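Accompanying notes for the structure given below.
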Amino acid sequence: MKRFDLKQPAAFFPARGHHKTNDVMTEASPPRKPSFPLQRNAIILATAWTALIILGASWHLFEAYQNTLKSAYISATRSIEKDLTYRRWAAGHGGVYVPVTEETPPNPFLSHLANRDVTTTSGQKLTLINPAYMTRQAYTIGHKYYGHQDHITSLKPLRPENSPDIWETKALQAFAQDKTEVSEPAKIGTTDYLRLMRPLTIETTCLKCHASQGYKVGDLRGGISISVPLQPWWRLMYTHATAAIMSYALALLLGLFGIRFATLRIGQHIRMRDQAEEELQKALTEYADLYNNALDMLVSVDTDNARVIQCNQTLLANLGYSRTEIIGHPIFDLYHPNCLEEIKNDIFPTFLKTGVITNKELKLKRKDGSFLSVILNLSAIRDKDGRIIQSRSVLHDITEQKWMRKQFIISEKMTTIAGLAAGVAHEINTPLSGILQSIQLIEMGLDPEQEQNRSLAADCGIELPNVQRYLQKKELDFFLNGIKSSATTAAHIISDLLQFSRPQVSERTSVNLAELIDRSIELTKTDYSLKKEYNILNVEFIRNYSPELPEVNCMAMEIEQVLINLIKNSCQAMAGEGGPTAPHIIVRTKQKDKMAVIEVEDNGPGIEEKISRQIFDPFFTTKDIGKGTGLGLATSYSIICDRHGGTLEVTSRPDNETKFIIELPLTGVSRSNKND
């Protein structure tokens, strides 16, 4: 198993864009559609197949046509080469003597030759045939039996019959431009021929007949032309093309049938797949809904890089983050700093060994800086090799549960202390009254303004002014005043104890909170000790009241007492060491669901967390001895929570601010269902 450096926060839980998770999507995606419509694809494929077949067939027919012409060309080439061979043979022998017949009369163009005509010893008359005469007669036989139309021609023919036609004239002109061959399909009359013509140049053996025309060896004499009828080749090509077209047509039909068959089968599979996907998507949507709206917070973490890869909406709502602020970020950013030591040294090593963590109480950090108490349960996701690759956390919010438990403890404690306070107050009140009355009688007996006192002093031989001076010099008056002041302070404490412990009856009325707060502020400003010792007149009061807030059904005198206690507490805190140079108190009102909210916020030095946990406990105080009884906030808590069914909380950032938050039901119904 992979080991992690637990000193590094990234060693255990998640990071953006790394491990893909099998976790459910937090937002249900729409069902996947086919990438293209099947019918349209089938039509495109059929069209492409048809075009391919047509293209193949066209190319095949074109090749057949080209090969037919090529075959005809080869036939013509062989024929013309054979003719040239016979011609050269005859020329090499100076011609050939043949019997004179009607078809072979003496050549008048050879009359200049003395031995054109000869008679054999047997009396047979022979005439000399030159190569051209011999070739011409061979062409006549070829045309008669094979349909060839061969011709020896020249731009300067000896015989008019050897004059070129239009096509031959163009070919001869091309030879004059150094072209060595001209070949193309052409019509002679209405019949298709492949015509081929090659040049004839003057050779030494040719001068016997053509020297008189001024030719020299190497000169272009003319050309030999052969025209092969294409009709037999066309028939062969048509037979081959018909077979090819039938083959291509069969391939086209088979292909279209295959496409149709495949389309039907694929369509069936797609319908089955779509149905399965719809069912899967429905299940995923239901699962995603359950995942997102689960009462507990769920988060998945990549164990390779300690970053979050998935979380549900409940986590985002409880912590106040957006999804982009959570996904891909270290999981440790969400935990309270005080929990990290336990996580690194206890929870994570145990998880790496067992893959399971159950019922660990930790704290999460909200975006606004506040904290959330949770119970953590961890389970592992492993790969095929058994290595832990992800962790799934279930975080159960116990903040409200802990708060209710704390309130229950405070309520029980306050009930107990209230009983004790009532007993103590009654026991102390009687002797304390005697002390105060005695001090009052002593002051009255020493008052020189009263005639009775002066008369009695004279009877005793003393003067009261002298007694007053004696008391002052001995500083006995200071001790008498101290006794009176201490007794008075004790009387106030007893009064507070009785106020704290005694059930009170007060009438509920509809109250405008803005007016009640303003009245409480003005009453607090008249407090002599706050003006003298805490300089309340220099404190700026910032009022931020919601105009839409309806009137609240409450006991106005008691809420006023709570507000005065909170304002006094803020003034005393800001006047102490570390207080602000420009003290201010912000008082806000707003509506939250069916609750009216009052916030009293100061910019004092703040409250440490360990102190804020005890701040509503009876007799708990951080003030100097004689400066506070520790009952003000406890009494305020009892008034708000027990008598009005609301809540009283404190939030603070050390060296920054403190905020008391009061919530009162707008309906006037107590959350604790207690009747006044």
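The values are calculated or read from the model by the stated rules, or taken from the named source; none is laboratory data. Everything numeric here is computed off the predicted structure, so don't read it as measured data. Positions of Cβ are generated from backbone atoms using ideal geometry, with glycine treated the same way; all protein chains shown enter the neighbour counts. Keep in mind that these areas ignore ligands, DNA and RNA; they rest on the heavy atoms of the full protein, side chains included. Shrake-Rupley method; radii C 1.70, N 1.55, O 1.52, S 1.80 Å.
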- Item | Residue list for region 383-430, filter: modelled with pLDDT of 70 or more and of a type in the set (Ser, Thr, Tyr) | Ser391, Ser393, Thr399, Thr430
- Which ones in region 183-202 are open to solvent by less than 50 Å² (accessible area, probe 1.4 Å), in a strand (DSSP E or B) and modelled with pLDDT under 85? Ile188, Leu200
- Note on the structure: Checked against (1) among the polar types (S, T, N, Q); (2) over 22 Å from Pro185 (Cα atoms); (3) touching a Ser or Thr at 6+ places or on another chain (Cβ under 9 Å), Ser122 satisfies every condition except (3)
- Answer residue from region 658-676, given it is at pLDDT 70 or above and open to solvent by 40 Å² or more (accessible area, probe 1.4 Å) and is nearest to Glu551 (Cα to Cα) among those: Thr667
- Item | Residues (of a type in the set (S, T, N, Q) and either modelled with pLDDT under 75 or surrounded by 16 or more Cβ atoms within 10 Å (Cβ to Cβ) (or both)) located in region 472-511 | Thr489, Ser495, Gln499, Ser501, Gln504, Ser506
- Task: Considering only region 102-117, state which residues are more than 15 Å from Leu158 (Cβ to Cβ) and modelled with pLDDT of 85 or more.
- Result: Pro105
- Task: Sort out which residues of region 315-372 are part of a loop (DSSP other than H, G, I, E, B) and within 19 Å of Asp296 (Cα to Cα), and write them in order of number.
- Result: Gly320, Tyr321, Ser322, Ile327, His336, Arg366, Lys367, Ser370
- Item | Among the residues listed as Thr180, Thr169, Thr263, the single one being of a type in the set (S, T, N, Q) and open to solvent by 50 Å² or more (accessible area, probe 1.4 Å) | Thr180
- Message: Looking only at region 239-253, filter to residues that are surrounded by fewer than 13 Cβ atoms within 10 Å (Cβ to Cβ) and either touching a helix residue (DSSP H, G or I) at 6+ places or on another chain (Cβ under 9 Å) or among the hydrophobic types (A, V, I, L, M, F, W, C) (or both); which one of those is nearest to Thr68 (Cα to Cα)?
- Response: Ala243
- Among the residues of region 505-539, count how many are in contact (Cβ under 8 Å) with a residue 40 or more places away in the chain and part of a helix (DSSP H, G or I). 12
- Taking the residues in region 341-363 that are farther than 25 Å from Leu316 by Cα, of a type in the set (S, T, N, Q) and exposed (fewer than 13 other Cβ atoms within 10 Å of the Cβ) as candidates, determine which candidate is modelled with the lowest pLDDT. Asn345
- Message: Just the residues that are open to solvent by 20 Å² or more (accessible area, probe 1.4 Å) and in contact with a Ser or Thr (Cβ under 7 Å, 6 or more places away or on another chain), please, taken from region 574-600.
- Response: Lys590, Gln591, Lys594
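Could you grab me the full set of residues in region 154-177 that are assigned to a helix (DSSP H, G or I) and among the small types (Gly, Ala, Ser)?
Ala171, Ala174, Ala176
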- Task: Consider Pro654 carefully, then state whether it is at pLDDT below 85, in contact with a Leu (Cβ under 7 Å, 6 or more places away or on another chain) and not small (Gly, Ala, Ser).
- Result: no
- Query: Could we say that Ile462 is of a type in the set (A, V, I, L, M, F, W, C) and either open to solvent by less than 70 Å² (accessible area, probe 1.4 Å) or within 24 Å of Ile428 (Cα to Cα) (or both) here?
  - Reply: no
- Note on the structure: Asn338 vs (1) closer than 21 Å to His396 by Cα; (2) among the polar types (S, T, N, Q); (3) under 23 Å from the mean Cα position of the chain (by Cα); (4) open to solvent by 30 Å² or more (accessible area, probe 1.4 Å): all pass except (3)
- Query: Which of the residues that make up region 266-282 are open to solvent by 50 Å² or more (accessible area, probe 1.4 Å) and either out of contact with any helix residue (DSSP H, G or I) (no Cβ under 7 Å at 6 or more places or on another chain) or closer than 22 Å to Leu52 by Cα (or both)?
  - Reply: Gln268, His269, Arg271, Met272, Arg273, Gln275, Ala276, Glu278, Glu279, Leu280, Lys282
- Inside region 137-157, can you point out the residues that are under 19 Å from Thr201 (Cα atoms), of a type outside the set (Asp, Glu) and crowded, with 18+ Cβ neighbours inside 10 Å? His151, Ile152, Thr153, Ser154
- Message: Which of the numbered conditions does Leu295 fail, given that it passes all the others? Conditions: (1) touching a helix residue (DSSP H, G or I) at 6+ places or on another chain (Cβ under 6 Å); (2) outside any helix (DSSP H, G or I); (3) under 26 Å from Glu400 (Cα atoms).
- Response: (1)
- Members of region 109-118 that are assigned to a loop (DSSP other than H, G, I, E, B) and surrounded by 14 or more Cβ atoms within 10 Å (Cβ to Cβ): Leu113, Arg116
- Item | Within region 512-546, considering residues that are touching a His at 6+ places or on another chain (Cβ under 8 Å) and exposed (fewer than 13 other Cβ atoms within 10 Å of the Cβ), the one farthest from Met595 (Cα to Cα) | Glu540
- Message: Based on this model, can you work out whether Gly123 counts as over 30 Å from Pro232 (Cβ atoms), loosely packed, with under 15 Cβ neighbours inside 10 Å and in contact (Cβ under 8 Å) with a residue 12 or more places away in the chain?
- Response: no
- Note on the structure: Restricted to region 147-169 and to residues being among the hydrophobic types (A, V, I, L, M, F, W, C) and in contact (Cβ under 8 Å) with a residue 24 or more places away in the chain, the residue nearest to Ser111 (Cα to Cα) is Leu158
- Message: Between Thr180, Thr127, Thr121, Thr205, which is in a helix (DSSP H, G or I) and either at pLDDT below 85 or of a type outside the set (Asp, Glu) (or both)?
- Response: Thr205
- Message: Please determine whether any residue of region 283-299 is β-branched (Val, Ile, Thr) and either open to solvent by less than 50 Å² (accessible area, probe 1.4 Å) or over 28 Å from the mean Cα position of the chain (by Cα) (or both).
- Response: yes
- For region 74-99, which residues satisfy the criterion of being open to solvent by 60 Å² or more (accessible area, probe 1.4 Å) and either closer than 20 Å to Leu200 by Cα or not in a strand (DSSP E or B) (or both)? Ile74, Arg78, Glu81, Lys82, Thr85, Tyr86, Arg88, Trp89, His93
